[in-house]
1. I need the full set of residues from the stretch 121-170 which are in contact (Cβ under 8 Å) with a residue 24 or more places away in the chain and not in a helix (DSSP H, G or I), in order please.
2. State yes or no: is residue 38 surrounded by fewer than 16 Cβ atoms within 10 Å (Cβ to Cβ) and touching a residue at least 40 places away in the same chain (Cβ under 8 Å)?
3. Name the residue, out of 155, 101, 89, 105, that is acidic (Asp, Glu), on the phi < 0 side of the Ramachandran plot and surrounded by fewer than 15 Cβ atoms within 10 Å (Cβ to Cβ).
4. Can you name the number of the only condition in (1) surrounded by 15 or more Cβ atoms within 10 Å (Cβ to Cβ); (2) of a type in the set (Asp, Glu); (3) at pLDDT 85 or above that residue 71 fails?
5. Looking for whichever is part of a helix (DSSP H, G or I), touching a residue at least 24 places away in the same chain (Cβ under 8 Å) and either in the same structural domain as residue 24 (by TED's automatic domain parsing) or over 30 Å from residue 60 (Cβ atoms) (or both) here; the options are 89, 102. Which one fits?
6. Residue 7 versus (1) in a helix (DSSP H, G or I); (2) under 21 Å from residue 124 (Cβ atoms); (3) at pLDDT 95 or above: which is the lone unmet condition?
Amino acid sequence: MPHTLAQINAYDRQAFVAALGHLFEHSPWVADETFAHRPFRDAAHLHAELCATLARSSRALQLELIRAHPDLAGRLAQAGRLTAESSREQATAGLDRLASEEAEEIKRLNAEYLARFGFPFVICARLNAKDAILRAMRERVTHAPEAEHDTAIAEIGKIAWLRLLDTLKT
């Protein structure tokens, strides 16, 4: 259900978290901890405060959020067990229509990435087509762990922005 910014600013904590808790995958704590920063001038201000909450959180909590993200075109997607948002986002990128070779490469890269970094590959699928995602997976699996942690957090911010725009009535 879409919400206006005025409604979001007027919500009590429970309604605020109910409206925005889905922006960060299985991590309503981001919205909960941002509640005290109301009122928000506009969507960009709200998003900036949500991301600031995430940035202030511990590395362990950030890692928990990164790990809450599903593998791209992975087991959960194949079993139809993604969140509604993740399912739509992966479909937008064409990850629900992979050729068998592409599916195998993504499966291999997901496993290699997880083994190297201890968390799944995160990218804003709505801003990337499957070819760009495959290129990014091939490149990013070679990055340093600290850089990949930071990249995953930045991608999560992009995902949250698009989800926020979907949530707000304009």
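The values are calculated or read from the model by the stated rules, or taken from the named source; none is laboratory data. On a predicted model such as this, the values are computed, not experimentally measured, just so you know. Glycine also receives a Cβ, built like all others from the backbone with ideal geometry; neighbour counts cover every protein chain displayed.
1. 121, 122, 123, 124, 128, 129, 141, 168, 169
2. Judged against the criteria, residue 38 is not a match.
3. Unique residue meeting the criteria: 101.
4. The one condition residue 71 does not meet is (3).
5. So the residue among 89, 102 that is part of a helix (DSSP H, G or I), touching a residue at least 24 places away in the same chain (Cβ under 8 Å) and either in the same structural domain as residue 24 (by TED's automatic domain parsing) or over 30 Å from residue 60 (Cβ atoms) (or both) is 102.
6. If we test residue 7 against (1) in a helix (DSSP H, G or I); (2) under 21 Å from residue 124 (Cβ atoms); (3) at pLDDT 95 or above, just (2) comes out false.
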